[in-house]
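J.: Provided herewith is a single structure, encoded as structure tokens, for subsequent inquiry.
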Amino acid sequence: MAEAMGFFTDTTVCIGCKACEVACKEWNQLPSWNGGANTLSGNSYDNTRRLDGMHWRHVQFIEQFSPDRTQQARWLLMSDVCKHCVRAGCLEVCPTGAIIRTEFDTVVIQSDVCNGCRYCIGACPFGVIEINPVSHTAQKCTLCYDRLQVGLTPACAKACPTASIQFGPVRELQQRAQARVQQLQSQGVKDAYLYGTPGDGHTEELGSLNAFFLLIDRPEVYGLPAKPKMPSRNLFSGSAFSIVGALVIGLLGVFNFRQRRMAQTGDGHS
Amino acid sequence: MPPSDTFFTASPEWHWWVIAYFFLGGLAGGSYFLSALLDLIGNERDRHLSRLGYYIAFAAIVLCAPLLIIDLNRPDRFWHMLIQSERPPLPMFKLWSPMSVGSWALTVFGAFTFVSFLGALTESGRIRWGLARTLNDVVRRGRLSGLFGLVGSAFGFFLASYTGVLLSVSNRPIWADSSLLGLLFLTSGGSSAAALMLLLARRSPNVEPEGVRWLSSMDVSITIMELIVLTAVLISLGAVAPVLLASVWGILLLVGVVVVGLLVPLLLHWRPRLLGNLSIPAAAVMALIGGFILRVVVVLSSEAVQHIASSGGFQWHV
């Protein structure tokens, strides 16, 4: 297997230009939403709204302003993407084998295998996957698997003008990201931290993320869960409760039958 | 702060086809294991009643597969659930994916219900095919009957419960916030099946009253169990439970499931003179309505509570 490849998204240098969104759409030939008609969401400059089957990159515009603009006034910008989890919930539940782990340790949905059962959509802890209305299959970022196979950088990272999206071997990116956090903290940005690296206190259950982020506020502010979990956490307990329930119902059947027999015997004696 | 990390996820948009499948799957599994139990521990006179259960199980299972296929975004690829599309005819099976195991269980259980259905038709004299009679003599009357009933029951129990486990093995609000949904669907499937069998038994003159009494006591026992499990589910939801109960779905759960589907049928079983001859059929109909509403609430409330939480003052963007 080739070295694990991924994204390091440094949200502190994102300028919200959406070049990543456009590059992703162009390269992957993703359709436009709403037939191309431009509708405004009313949520800041964010008219993409969310990640889904047609939007594999989504630049979030988070406005943090106090009512009179004097206490607090800042923008948080983040180019969100599939996290390519080391332990991926979508891959775990997929019943058709459409979702695979590639030689780059990324997670890819094979559109020609997916039958659109949509189980992966509810299993993803980040709400990344949705149905593409053209292919009628579940789709998400492939980390430009086709480009990786020929040694190219993914389209979004290539297009990013501020190096907010950095692509490379995950180990190398993690070291670079740690250095960036130390640099920011030494400059007074004490809240800077990494979300999605080993030992980050958030993503341990997923075994960290191959697409990780440098954040300066709580994960929930960016629409990320504080403790994302694997769907299989309920598999053993849920099955065990059901088996116990089945045994209890079986015993109830035998018990109720004995009651009936005793009642019949009683009737016979009387 | 949202009440759970499950509120950051997207909905698979499973709606009415899936709800109908969950309900019919529960009925099929429940009626099959009640009938198999009757065959295993009952006597010859109970066979009329057990045949009724096999008819219900087969009728329900025949509808299940089409409902699941219709719900797929690519129905033409339904077979990818069972066969590796890239390496046919190798089977596609993932032990840790409830949908994968469920697809196989539905297929195998379908075969069990078909054989039992044929056997029931043969026994009742409705068909006189030599092959069906031979099959019935071997698997339902002969030495293998006990094993056949046990294995079939196990698949019946599985089909009635795995749909709840499937929901729990996700990251969605309510579904993944409790690991008791499988048990809840199992008890609901059992009580709904007992209710439907009781309802139909009234129209079957050959059914012995002893069998009906056993089924009635099973209905009461499983309904009480369902009430306890439902309470446990609400407790296990933790911080998500208040969001659910404060919504219209919570009211539907309390009125449609707890009162109409569980408490009133229990009362009618306890005091059958309340509605005279109509008590047991009324209890059965209400139990069936409650069982259906339970699936509606569990499946649809997940999207609804997420919407309520995100539009009801939770500070997503501080």
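J.: Would you work out which of A:11, B:151, A:201 lies farthest towards the positive end of the dipole of the protein assembly as shown, given +1 charges on the beta-carbon of Lys and Arg and -1 on that of Asp and Glu, about the Cα centre?
T.: B:151
J.: Leaving out ligands, DNA and RNA, and with a 1.4 Å probe, what % of the accessible surface on chain A is carbon or sulfur?
T.: C and S atoms contribute 56 percent here.
J.: Suppose every Lys and Arg Cβ carries +1 and every Asp and Glu Cβ carries -1, with no other charges. What dipole size does the stretch B:61-190 come out with about its Cα centre, to the nearest 20 debye? Walk me through the numbers on the way to the answer.
T.: Working: 11 positive and 6 negative charges, 79 e Å.
Computed about the Cα centre, the dipole is about 380 debye.
J.: If you line up the Cα atoms of the protein assembly as shown on their principal axes, what length do they span on each, largest first, in Å?
T.: Principal-axis extents of the protein assembly as shown (Cα, largest first): 94, 55, 44 Å.
J.: Mind jotting down the distance between the C-alpha centroids of the stretch B:62-141 and the stretch A:44-101, whole Å?
T.: 41
J.: Just going by the charge dipole of the stretch B:1-139, with Lys and Arg at +1 and Asp and Glu at -1 on Cβ, which of B:120, B:42, B:72 is farthest out on the positive end?
T.: Sorting the options by dipole projection puts first B:120.
J.: Related question: Show that you can apply the helix-only estimate: for the protein assembly as shown, add -39,500 (n - 2.57) for every DSSP H stretch of four or more residues, divide by all residues, and state [θ] at 222 nm to the nearest 500.
T.: Roughly -16500 deg cm²/dmol at 222 nm, from the helical runs in the protein assembly as shown.
J.: For the cross-link pairs A:140/A:229; A:158/B:94; A:140/A:227, which exceed 31 Å when the distance is taken from alpha carbon to alpha carbon?
T.: Values: A:140/A:229 19 Å; A:158/B:94 37 Å; A:140/A:227 22 Å.
Over 31 Å Cα-Cα: A:158/B:94.
J.: Compute the Cα gyration tensor for the stretch B:204-296, then decide on rounded, prolate or oblate, letting a ≥ b ≥ c be the square roots of its eigenvalues: rounded whenever a/c is under 1.5, prolate when a/b is larger than b/c in the other cases, and oblate in all that remain.
T.: Numbers: a/c = 2.83, a/b = 2.20, b/c = 1.29.
Taking the square roots of the gyration eigenvalues as a ≥ b ≥ c, the stretch B:204-296 is prolate.
J.: Between residue A:99 and residues 5 or more places away or on another chain, which pairs have amide H atoms under 5 Å apart, with H built 1.01 Å from N, and which residues are they?
T.: Distant-sequence amide H within range of residue A:99: A:110.
J.: How big is the charge dipole of chain A about its Cα centre, in debye rounded to the nearest 20, if each Lys and Arg gets +1 on its Cβ and each Asp and Glu gets -1 on its Cβ?
T.: On the way: 25 positive and 23 negative charges, 102 e Å.
Charge dipole, chain A, about its Cα centre: 500 debye, nearest 20.
J.: Shifting gears a bit: Once a ≥ b ≥ c are taken as the square roots of the eigenvalues of the Cα gyration tensor of the stretch B:5-311, is the result rounded (a/c under 1.5), prolate (a/b larger than b/c) or oblate (a/b not larger than b/c)?
T.: Oblate is the answer for the stretch B:5-311, as a/c is 1.5 or above yet b/c matches or exceeds a/b.
J.: Work out the charge dipole of the protein assembly as shown with +1 on the Cβ of Lys and Arg and -1 on the Cβ of Asp and Glu about the Cα centre, then indicate which of B:263, A:56, B:193 is farthest towards its positive end.
T.: B:193
J.: Across the Cα atoms of chain A, what radius of gyration and what greatest pairwise Cα-Cα distance (Dmax) are found, in Å?
T.: Considering chain A through its Cα atoms, Rg and Dmax are 24.6, 94 Å.
J.: Per residue of A:257-264, count partner chain C-beta atoms within 10 Å of its C-beta, then hand back the mean as an integer.
T.: That average works out to 4.
J.: So if I place +1 on the C-beta of Lys and Arg and -1 on the C-beta of Asp and Glu, and nothing else carries charge, what would the dipole magnitude of the protein assembly as shown be about its Cα centre? I want it in debye, nearest 20. Can you show the working numbers first?
T.: Values: 45 positive and 39 negative charges, 271 e Å.
Charge dipole of the protein assembly as shown: 1300 debye, to the nearest 20.
J.: Can you tell me the relative contact order of the stretch A:4-154? Whole percent, Cα pairs under 8 Å, sequence separation 6 or more.
T.: For the stretch A:4-154, the relative contact order is 22 percent.
J.: Which FRET efficiency value, to the nearest 0.05, is calculated for residue B:65 and residue B:271 with the Förster distance at 56 angstrom and r the Cβ-Cβ distance?
T.: Plugging the Cβ-Cβ distance into 1/(1 + (r/R0)^6) gives 0.85.
J.: Once you list every other residue whose beta carbon is under 10 Å from the beta carbon of residue A:227, what net charge do they have if Lys and Arg are +1 and Asp and Glu are -1?
T.: Around residue A:227, the surrounding residues sum to -2.
J.: Arrange the peptides B:8-19, A:32-43 so that the one whose residues have, on average, the most other Cβ atoms within 10 Å appears first.
T.: Final packing ranking: B:8-19, A:32-43.
The values are calculated or read from the model by the stated rules, or taken from the named source; none is laboratory data. Nothing here was measured: the structure is a model prediction, and the numbers come from that model. FYI the Cβ positions are ideal-geometry reconstructions off the backbone, even for glycines, and counts take in every protein chain you see. The accessibility values were calculated without ligands, DNA or RNA, using every heavy atom of the protein model including side chains. Shrake-Rupley method; radii C 1.70, N 1.55, O 1.52, S 1.80 Å.
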